[in-house]
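One structure is given below, encoded as structure tokens.
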Amino acid sequence: MFLDAALIVLALAVLLVGGDLLVRGAVGAATALKISPLLVSLTIIAFGTSAPELFVSVTSVIEHQPGIAIGNIIGSNIANVFLVLGLPALIYPMSAHVPGLRRHAVAMLIATAAFAGVAYGAGSLDRITGAALFAGIILYVVFLAVMARRTRGRDPVIDEVGGYAEGAGDNLGASSLYIIAGLIGLPVGAHLLVDSGSSIAMELGVRAELIGLTVVAFGTSLPELATVVAAAFHKKSDVAIGNVVGSNIFNIFAVGGATGLAGGAAFGEGSLMLDLPVMIAAALALASFILARRDIGRLAGLLFVLAYAGFIAVLATQAS
């Protein structure tokens, strides 16, 4: 088990580095080829930042470990709200009074409702529901493009992903090497993570979703958490809210859709009884702050962190 745990840590590192290399290489290549910065933000960066989660979920389905795929999607959305926003709010309150953010909060609620509808209605992600979810991300990207033109590029979600373009460079040769490294690292890391994660789940005798809900979700949220905590120390933590909302939408529509298209995954009893209700509660909690234009202060941040700790504690109790 110790070896599997060490391999999981290694796999997460490979995934995160591979995802970053892929995004920066693709942005650099697009810049060298004179592709529109807005188009780069809406496609390459937006999809690329979800690459680790996407590769893990698709690999899980292909390797007949669909529970990890489901847990990855749900766990990432829970961690994004309660952990990635909760911890920085303890340092410095985050303002939800960001122009244009409310429409994205509505889109997040629609995505969450669609995912819950599939779970409680169909009971599984298959190719039909996967295609429907993936159509949602296409519509959302089109929506982003329309709103970006209306607001002249000033949009909380686009502004966040656009930060990846800074310092990406425009050397086509170096960018190509980054892309190749990313495309090699992501599937290798995903395979290693799924293989080691499923081995640990089998040894512990727990449902595979727990690996996705905890290890994968926490690991893939670490870069965002580090970025937001650093922003909080500089009293600029409000930039994180657009990041979390956009990430949660992409997790459901893009990663969930790809999971269904790759072969599908069924929602287990644990997911329906505990995990999904917590994900829905997290989305509603975040949306309530955004729609009411209320700051996420230290008290709310503490409640978010306690909610995440409580969720993990319940999962640990189930595992034991």
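The values are calculated or read from the model by the stated rules, or taken from the named source; none is laboratory data. Because the structure is a prediction, the values reported are computed rather than measured. Neighbour counts run over all protein chains shown; Cβ positions are idealised from the backbone, glycine included.
Couple of notes before you dig in:
- Whichever residue in segment 99-132 is farther than 21 Å from E269 by Cα and outside any helix (DSSP H, G or I) and, among such residues, is modelled with the highest pLDDT: G100
- In the set (1) under 25 Å from A266 (Cα atoms); (2) surrounded by fewer than 24 Cβ atoms within 10 Å (Cβ to Cβ), F55 fails one condition alone, (2).
- Some residue of segment 66-86 being more than 20 Å from P277 (Cα to Cα) and either in contact (Cβ under 8 Å) with a residue 60 or more places away in the chain or in a loop (DSSP other than H, G, I, E, B) (or both): no
- A residue that is assigned to a loop (DSSP other than H, G, I, E, B), surrounded by fewer than 24 Cβ atoms within 10 Å (Cβ to Cβ), modelled with pLDDT under 85 and of a type in the set (D, E, K, R) can be found somewhere in segment 28-36.
- Taking each residue of segment 88-110 that is aromatic (F, W, Y) and looking for partners that are surrounded by fewer than 18 Cβ atoms within 10 Å (Cβ to Cβ) with beta-carbon atoms closer than 9 Å, six or more apart or interchain, yields Y92/F233; Y92/H234; Y92/K235; Y92/K236; Y92/R298.
- Residue match in segment 238-260 (condition: crowded, with 17+ Cβ neighbours inside 10 Å, of a type in the set (S, T, Y) and at pLDDT 90 or above): yes
- Number of residues in segment 89-115 that are of a type in the set (K, R) and touching a Lys or Arg at 6+ places or on another chain (Cβ under 9 Å): the value is 1.
- Residue check for A96: under 16 Å from the mean Cα position of the chain (by Cα) and either under 25 Å from L139 (Cα atoms) or at pLDDT below 80 (or both): no
- In segment 116-131, residue nearest to the chain's Cα centre (by Cα) [restricted to those that are small (G, A, S), surrounded by fewer than 19 Cβ atoms within 10 Å (Cβ to Cβ) and closer than 22 Å to D275 by Cα]: A116
- Restricting segment 135-150 to residues that are surrounded by fewer than 19 Cβ atoms within 10 Å (Cβ to Cβ) and modelled with pLDDT of 90 or more, the residue that is nearest to L261 (Cα to Cα) is A135.
- Residues of segment 5-20 satisfying the condition of being surrounded by fewer than 23 Cβ atoms within 10 Å (Cβ to Cβ) and either at pLDDT below 75 or under 18 Å from the mean Cα position of the chain (by Cα) (or both): L12, A13, V14, L16, V17, D20
- Exclusive hit being surrounded by fewer than 19 Cβ atoms within 10 Å (Cβ to Cβ), small (G, A, S) and either modelled with pLDDT of 95 or more or not in a helix (DSSP H, G or I) (or both), set A313, A281, A230, A226: A281
- Search result, residues across segment 284-298 that are of a type in the set (A, V, I, L, M, F, W, C), surrounded by fewer than 19 Cβ atoms within 10 Å (Cβ to Cβ) and at pLDDT below 95: L291, A292
- Any hit, segment 248-267, residues being without any contact (Cβ under 8 Å) to a residue 24 or more places away in the chain and part of a helix (DSSP H, G or I): no
- Any pair with Cβ under 7 angstrom, 6 or more apart, that starts in segment 173-202 at a residue that is in contact (Cβ under 8 Å) with a residue 60 or more places away in the chain and assigned to a helix (DSSP H, G or I) and ends at one that is hydroxyl-bearing (S, T, Y) and surrounded by 16 or more Cβ atoms within 10 Å (Cβ to Cβ): P187/T59; A190/T59; H191/T59; V194/T59; V194/S60
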